[in-house]
1. Residues S91, S97: which one is at pLDDT below 95, of a type in the set (G, A, S), in a helix (DSSP H, G or I) and buried (at least 21 other Cβ atoms within 10 Å of the Cβ)?
2. Go through the range 58-111 residue by residue and tally those that are free of Cβ contacts under 8 Å to residues at least 60 places away in the same chain, polar (S, T, N, Q) and under 23 Å from Y127 (Cα atoms).
3. Of the residues that make up the range 30-44, is at least one within 19 Å of R159 (Cβ to Cβ) and surrounded by 22 or more Cβ atoms within 10 Å (Cβ to Cβ)?
4. Of (1) closer than 24 Å to A56 by Cβ; (2) open to solvent by less than 30 Å² (accessible area, probe 1.4 Å); (3) touching a residue at least 24 places away in the same chain (Cβ under 8 Å), G174 satisfies all except one. Which?
5. Any residue at all in the range 18-26 that's open to solvent by less than 40 Å² (accessible area, probe 1.4 Å) and either without any contact (Cβ under 8 Å) to a residue 60 or more places away in the chain or within 18 Å of F100 (Cα to Cα) (or both)?
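The values are calculated or read from the model by the stated rules, or taken from the named source; none is laboratory data. Just so it is clear, the structure is predicted and the values come from calculations on it, not from any experiment. We place every Cβ from the backbone using ideal geometry, glycine too, and count neighbours over all the protein chains shown. Note: areas computed on protein heavy atoms with side chains; ligands, DNA, RNA excluded. Shrake-Rupley method; radii C 1.70, N 1.55, O 1.52, S 1.80 Å.
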Amino acid sequence: MLVNFLIGTVGIIIFLFIFWKRLNEDYSSEIIFQVATAILIGLGLGYSVSLLFLPAWFFWISTLGALAAMLMMIFKFKLRFYETFEALILSGMPLISLMFFKDSMSSSSLNSFLAFVGSLVLIFLSYWLDVNYRNFVWYKSGKIGFAGLTTAILFFLARTVIAINGLTMISFVGKIEAIISGAVVLVCIGLLINLGKEKE
């Protein structure tokens, strides 16, 4: 219990810091922390609901809770969608990696440890993309959001491939996982294409 509390606290602190860091040049700290708090509440409510009704679906229901809260805050404060979504992805990846790390330690799960390593690779890749995406000549719009969407695509593509191969992890929901994750990949690709067509 103490380990869960410590890991959860560290994850939330990292989330809040990265989320604030991503948005502090365009929005006030008060707005940023209201949005971040709403997302965390949505995440927590989703997780609580999943534990009561569909424990195996905790990842997806928690994710939907966080996304719903983000969208409500976007409409409330008139935030830019791609910028806010990217902040959510980049600040949420450490939370996900800590979840895999905790499970790998508590249940001695090799799959969770490999997922932890993979999520760390994605974190480093996302920040490399964030620094360099404007240098990609084929990315004509040069707008913020490329790193977050690409990271999301790679993350859910990995989940799709792993599920197709029949492997399981703590956040998987069986064979349907490949369909759901694959659908998310397609949605994110569509958003990335749309973002690439936008002008500054």
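1. S97
2. Number of matching residues: 2.
3. Yes, the range 30-44 has at least one match.
4. It fails just one condition, (2).
5. No.
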